[in-house]
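The values are calculated or read from the model by the stated rules, or taken from the named source; none is laboratory data. Because the structure is predicted, anything quoted here is derived from the model rather than measured. Please note: Cβ atoms are built from the backbone with ideal geometry, for glycine as well, and neighbour counts cover all protein chains shown.
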Amino acid sequence: MKFASSYEPGEYESDIYGAWEVSDIFAPSTPTVPVDNNGDGKDDRDNKNTYSIVMPPPNANGNLHIGHGLTIALEDSLTRYYRLKGKSTWYIPGADHAGFETWVVYERNLEKQGHTRFEYDRNELYARVWDFVAEQRGNMELQLRALGASCSWNDLTFTLDENVIDRVYTTFEKMWNDGMIYRGEKLVNFCPKHQTAFADIEVEHKDEKGTLWDIAYTYDGGEIIVSTTRPETLFGDAAVAVNPEDKRYKDLIGKTVHLPLANKEIPIIADEHADPEYGTGAVKITPAHDFDDFEVGERHNLERIKVIAENGTMINVPEKYYGLTTAECRKQVLKDLKAADLFRGEKQLVHSVAHCYKCGTVLEPMLKEQWFVDVEKLASVAIKHLEKNEIKFHPANKQKVLINYLKNLKDWNISRQIPWGIAIPMFRRVTDAATDEPDWIFDRRTHLKEIEVAGVKYVRDEDTFDTWFSSSHWPIVCTNWTEDNFNPYYPLNVMETGADILFAWVARMIMMGLYVTGEVPFKEVYLHGLVLDAHGQKMSKSKGNVINPMDLVAKYGSDAFRLGILRGRSAGMNQAFSEQSVISGRNLCNKLWNISRLVQSIVDESSMEFENTFIEGGSEPGKARSSAETPVADHRRSRAKNELVRSSETTPSGRLLSTGVSDAPQEESISNSYSTDNMGEDWICREINDCLKQVEVSMKNYRFAEAVEVLYQTIWDKYADWFLESQKIFKNTGLLKQTLETILIALHPFAPFVTEAIWQNLSWTDGFIATAKWPNKLKFDPISAAEFESLISVVSEVRGTLQALPGTNNAKKYSLLYGNDSLVEDNLLLIRTLTKVPAINSLDGQPRGLRLALANHELYLDVPEKVVTEYKDALTEKILSVGRELDALNARMANPNYVEKAPEHLVKETKDQIKEKESLISRLKSQLELI
RNA sequence: GGAUCCAUAGCUCAGUUGGCUAGAGCGUACGAUUCACAUUCGUAAGGUCGCAGGUUCGAGCCCUGCUGGAUCCACCA
């Protein structure tokens, strides 16, 4: 026997993944480049049979975290499911240059070695980081393999690949020509440490305690007190604003005040921005260092005086303060204000402060020349398509949320001051050149510092693109969409990613997809929430509750991790995750392994019996059915494994059906490679069919947890606990093989490794399960299936009663007696096996012992009167509780509104239930009288 | 301030157009054990579905209000 007694994932997983990869089964079967066989200039590819999904690219030089683990579990389950369903699946892997993240790591390394970025020019830095990333690369990709991601590795896209840069430049050029790109001096959130600006979305606002200082700005005959949290910026003040409705200051509007500590007069202006309720109602206006003030400055045409340099030190201030850091300057200013008797008090407050999401440094609003995208057109087109429901969202409410966001979108700052990224392809005319030439020109030659066009010299802009500008092209570049290659894989079937980047990424992909291709980039969006720790806390290094997915994979196996993380998870929700759910997954894998081991041993045994009976020329009547299947299986056993690799392209299935029905037409939806000969067999077929149906519905609706749950229950509670237990008596090998294959394939999308390991170990299967065909429904006799359900309730009642009776080991002590009951009579052996009672005898004479009343069969436990008497209380309680249920039902029927208004079938159901309860009570009562 | 979501067994979660006698896993309790699996098998206990109203023959589900929690956006001189 090839099967060890337990499944050890570590022994199989890497070999299996290697075999899949070597056989190239993850590449899509429908080509991804244009095909024109008949020369009509139209693409011949079939777009009905494709399924495409792209991977949100993990950081190329990082390690996967738990969120990636969830991402892969979700995306790969979809991919594998649709592959089994016969689609040409294209799961496109990616790697992210992770502009800022990687830059931070690299710059830290530089600093450790005693260098700074300012020692090198951009090209040199880019080359150095490239090498740095190249060294690290591969780790992340190995981890994707360990998670079982069935992606098409030949199509891996790196976010700095040439075709990506090309596409980004093409879009940028188009936008430039369309007048959507402009250079603006605007306030940006600037990290003094990283020396770069951030998009609004990258800024982390934190509530912090701060101080609000009151400062007197004097004028002839008085003073006006302003409140500020940033006294050091007062040198950049261009005005003091009061609300036009504020009577206190009405007369002061238009006058000037003396700016403290500076030899300067500034005007008092009227602006809505000043809130009469807040502080003194007068506010200092610093257009160069505050977002609101910037807008006030624009309205009143105020001077923008920059007093903080990009390195965070003071400039354009009196010499005394020049070169101080903002914190030092604040101290000094406050001291000097007090000395000058202009300080009027302070109070504590909580306000939100912008921080660098990476290093935590307080961001400085900084006046900078940056490239901006005018988003008005992009957003309105996106909104139009979203409102037409061209994209289906999971969870559905995110559609509204996204539209709401797009309606309020501000222009998009796409400049970043880090070398590790895609260079902005813009060049500035050097000042001494002819004046009628444009200031800026677009040019792709960003590797050159200086270019000459029409005799005019231009120098390049040193900035790079915001990562989201390029990654918004992700579905376009991954599918190799071009203007000439309308592509059956674009739009993607689904975009799966984290709910937290709905705005940053999903919104921009939609806008960019529409702008570039005219089509939405994906048909559906599935957003997953955060993976929280077992107690619902966010995972963080500082809390020390971070779970590394690779540790769990090493400990319990990849399948266990996937099953564990999908359990109890629904779209868009932040949900807890614990090792326990992974352990459950591991247990299921082991269960399935042992199920297969048992089935294989029965098949082996039966084939030996067949050989014997064949030689003897006779057969046991009970075995005839199963033996009929055996030659086929036996014949195929001699085939070498994996001969059918690549079969997915020639035949839809990598496996052969048990009786050669593989030649049957595709529309054949009922499998008939076996016969069922007893109730448990029909029943399991019915249950498996239901299970398949539920998995299909769940997958269609992205309810992964439900799909896993129903498989778990079907495999464990139904297949193993009832069907296989009964097969220890019946041994229908044809059916065993058929049903095992079915549940293996159905579980494969979620647990790819163990199902493949089993598939490779079974004697009668061929090819890879990964390229098998999604199972057909199984044929069965519904009446017989329902009878088995009844038998289950009989067995359950026997077990329950035996447990409830006083004493231990009751199952060994007491026999069963049956009266005139065909269900029991026909299944004596089965009932005995399942209940483990020593014997089941026909009742001769008067009923005795304990009547099993719930299941409504004439069945008695042969127990002494003394034991029955002790059971009396339980019986009385049971009668009372059924009585209460009956009362509730009767009350419902007594309500004329119910009888009139409720649907007929419900009323009938209630009537039936009443009859049933009444009969149960009478049975219970007769039992009680018997005692 | 705006938006969205959540509250169901000790814990983590299901519960899809209202029909429920509210489910699962884990945990707990009790029992089993050579015969595929102790990563096992069986049995059981455990819930006025956050609170208060409303609609309905009927509400965990729909409506209103409240309480508690989460996330995002905006703003905070």
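Couple of notes before you dig in:
- Any hit, segment A:213-220, residues being of a type outside the set (Asp, Glu) and more than 15 Å from RNA strand B (Cβ to nearest atom): yes
- Number of residues in segment A:263-310 that are within 14 Å of RNA strand B (Cβ to nearest atom) and among the hydrophobic types (A, V, I, L, M, F, W, C) equals 10.
- Matching entry among A:GLY498, A:GLY529 (being touching a residue at least 24 places away in the same chain (Cβ under 8 Å) and surrounded by 19 or more Cβ atoms within 10 Å (Cβ to Cβ)): A:GLY498
- Annotation: of all residues in segment A:247-262 being surrounded by fewer than 17 Cβ atoms within 10 Å (Cβ to Cβ) and part of a helix (DSSP H, G or I), the one that is farthest from RNA strand B (Cβ to nearest atom) is A:ASP251.
- Of everything listed in (1) at pLDDT 85 or above; (2) within 18 Å of A:ASP214 (Cβ to Cβ), the single unmet condition for A:GLU277 is (1).
- Restricting the first member to segment A:25-38 and to residues that are free of Cβ contacts under 8 Å to residues at least 24 places away in the same chain, and the second to residues that are crowded, with 18+ Cβ neighbours inside 10 Å, the beta-carbon pairs closer than 6 Å and six or more apart or on different chains are A:VAL35/A:ARG45.
- A:PRO244 being of a type outside the set (Lys, Arg), over 30 Å from A:THR517 (Cα atoms) and crowded, with 21+ Cβ neighbours inside 10 Å: no
- Segment A:859-931 holds helices (runs of 4 or more DSSP H) entirely within its bounds, and those carrying 2 or more residues that are free of Cβ contacts under 8 Å to residues at least 12 places away in the same chain and more than 10 Å from RNA strand B (Cβ to nearest atom) map to A:872-894, A:904-930.
- Of the residues making up segment A:1-26, those that are over 17 Å from A:GLN143 (Cα atoms), among the hydrophobic types (A, V, I, L, M, F, W, C) and surrounded by fewer than 20 Cβ atoms within 10 Å (Cβ to Cβ) are A:MET1, A:PHE3, A:ALA4, A:VAL22.
- When segment A:818-851 is filtered for residues that are part of a strand (DSSP E or B) and crowded, with 16+ Cβ neighbours inside 10 Å, the ones remaining, listed by number, are A:TYR818, A:ILE840, A:LEU850, A:ARG851.
- Residue satisfying all of: in segment A:512-526; of a type outside the set (A, V, I, L, M, F, W, C) and within 21 Å of the chain's Cα centre (by Cα); farthest from A:LYS392 (Cα to Cα) among these: A:PRO521
- In segment A:505-516, the residues that are among the charged types (D, E, K, R) reach residues that are not in a helix (DSSP H, G or I) with C-beta atoms within less than 6 angstrom, at least six apart or across chains, in these pairs: A:ARG508/A:SER472.
- Residue among A:ALA309, A:ALA274, A:ALA339, A:ALA288 that alone is surrounded by 13 or more Cβ atoms within 10 Å (Cβ to Cβ), under 26 Å from A:ASP220 (Cβ atoms) and hydrophobic (A, V, I, L, M, F, W, C): A:ALA274
- Residue match in segment A:557-569 (condition: under 16 Å from the mean Cα position of the chain (by Cα), within 9 Å of RNA strand B (Cβ to nearest atom) and either on the phi > 0 side of the Ramachandran plot or not basic (Lys, Arg) (or both)): yes
- Matching entry among A:TYR712, A:TYR702 (being in contact (Cβ under 8 Å) with a residue 24 or more places away in the chain, under 28 Å from the mean Cα position of the chain (by Cα) and at positive phi): A:TYR702
- Any hit, segment A:448-456, residues being exposed (fewer than 15 other Cβ atoms within 10 Å of the Cβ), within 19 Å of A:SER415 (Cβ to Cβ) and either in contact (Cβ under 8 Å) with a residue 12 or more places away in the chain or among the β-branched types (Val, Ile, Thr) (or both): yes
- Wholly within segment A:716-811, helices (runs of 4 or more DSSP H) carrying at least 3 residues that are over 21 Å from A:PHE3 (Cα atoms): A:725-730, A:782-804
- Check on A:LYS368, over 30 Å from A:ILE414 (Cα atoms) and modelled with pLDDT under 90: no
- Matching entry among A:LYS384, A:LYS410 (being out of contact with any Gly (no Cβ under 8 Å at 6 or more places or on another chain), loosely packed, with under 14 Cβ neighbours inside 10 Å and modelled with pLDDT of 90 or more): A:LYS384
- Residue ID - farthest from A:ALA423 (Cα to Cα), chosen from residues in segment A:462-489 that are among the charged types (D, E, K, R) and out of contact with any Ser or Thr (no Cβ under 8 Å at 6 or more places or on another chain): A:ASP484
- Qualifying residue in segment A:147-157 (condition: of a type outside the set (Gly, Ala, Ser), part of a helix (DSSP H, G or I), free of Cβ contacts under 8 Å to residues at least 60 places away in the same chain and over 14 Å from A:ILE418 (Cβ atoms)): no
- Within segment A:1-45, the set of residues being assigned to a loop (DSSP other than H, G, I, E, B), of a type in the set (Gly, Ala, Ser) and more than 16 Å from RNA strand B (Cβ to nearest atom) comprises A:SER23, A:ALA27, A:SER29, A:GLY39, A:GLY41.
- Scanning segment A:205-236 for residues that are touching a residue at least 60 places away in the same chain (Cβ under 8 Å) and in a loop (DSSP other than H, G, I, E, B), we see that the one that is surrounded by the fewest Cβ atoms within 10 Å (Cβ to Cβ) is A:THR229.
- Every pair of residues 6+ apart whose Cβ atoms lie under 7 Å, when the first sits in segment A:278-290 and is on the phi < 0 side of the Ramachandran plot and in a loop (DSSP other than H, G, I, E, B) while the second is within 9 Å of RNA strand B (Cβ to nearest atom) and not polar (S, T, N, Q): A:THR280/A:ASP214; A:THR280/A:VAL226; A:THR286/A:ASP293; A:PRO287/A:ASP293
- A:LYS779 meets the stated requirement of being basic (Lys, Arg), more than 13 Å from RNA strand B (Cβ to nearest atom) and either surrounded by fewer than 24 Cβ atoms within 10 Å (Cβ to Cβ) or at pLDDT below 95 (or both).
- Positions within segment A:311-326 being under 47 Å from the mean Cα position of the chain (by Cα) and more than 16 Å from RNA strand B (Cβ to nearest atom), in sequence order: A:ASN311, A:GLY312, A:THR313, A:MET314, A:THR325
- Flag for A:LEU747 being hydrophobic (A, V, I, L, M, F, W, C) and more than 22 Å from the chain's Cα centre (by Cα): no
- If you go through segment A:852-875 and keep only what is loosely packed, with under 12 Cβ neighbours inside 10 Å and among the hydroxyl-bearing types (Ser, Thr, Tyr), you end up with just A:THR869.
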